[in-house]
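Each reported figure results from applying straightforward, stated rules to the coordinates on display, with no laboratory input. These figures come from a predicted structure and were not determined experimentally. Counting neighbours? That spans all protein chains shown, and the Cβs are built from the backbone with ideal geometry, glycine included.
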Amino acid sequence: MYFATITLYGLLSLSRALRAYFFIMIPNKAFTKSKELVLDDNYVIKPHNVSGIMLIFTEERTRTREIDGKQEKYIFKDTWYFTRIAQALRMYTDLEMVDLESIEDLIEKSERIYKLIDQLDKTFKQF
């Protein structure tokens with residue numbers, strides 16, 4: 001029983017090591033020419049060594065300091081982790097559709113996103 005436990009644990013560790021090795025050794029086709037895919041002014045998709053893909057939102061914002069009441073600028077950053085680019089694009093689509101005010105805005109945004117996905121699909125043929 002003890003030998004079986006060690007062997008099972010060894011196989012699981014070997015499986016994890018092989019997956020990590022092949023993940024690191026086989027780069028994603030989308031990131032061979034550049035280190036990031038720029039979706040728009042605020043959203044970028046970058047590779048990540050552990051999880052696979054990061055969807056990063058950055059925006060310059062202002063806040064009032066509590067100590068003296070002065071306005072200061074800062075860069076707000078939010079990151080989501082995915083295993084595939086298609087998942088990151090779905091999340092990007094969901095986030096972009098949140099603050100729409102009319103049907104025209106919805107149609108315009110969805111057409112822009114579909115064009116972006118078609119462009120990425122033609123370029124990398126992996127979605």
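On inspection, ILE113 qualifies as of a type outside the set (Asp, Glu), on the phi < 0 side of the Ramachandran plot and surrounded by 15 or more Cβ atoms within 10 Å (Cβ to Cβ). In this structure, ILE56 does not qualify as in contact with a helix residue (DSSP H, G or I) (Cβ under 7 Å, 6 or more places away or on another chain) and surrounded by 12 or more Cβ atoms within 10 Å (Cβ to Cβ).
Residue count for the range 54-109, restricted to those that are within 27 Å of LEU37 (Cα to Cα) and basic (Lys, Arg): 6.
Tell me yes or no: at least one residue of the range 91-98 is loosely packed, with under 13 Cβ neighbours inside 10 Å and hydrophobic (A, V, I, L, M, F, W, C). Please lay out each step first, then the result.
So in the range 91-98, the residues loosely packed, with under 13 Cβ neighbours inside 10 Å come out as 94, 98.
With the extra rule that they be hydrophobic (A, V, I, L, M, F, W, C), the set shrinks to 98.
Checked the range 91-98: at least one residue is loosely packed, with under 13 Cβ neighbours inside 10 Å and hydrophobic (A, V, I, L, M, F, W, C).
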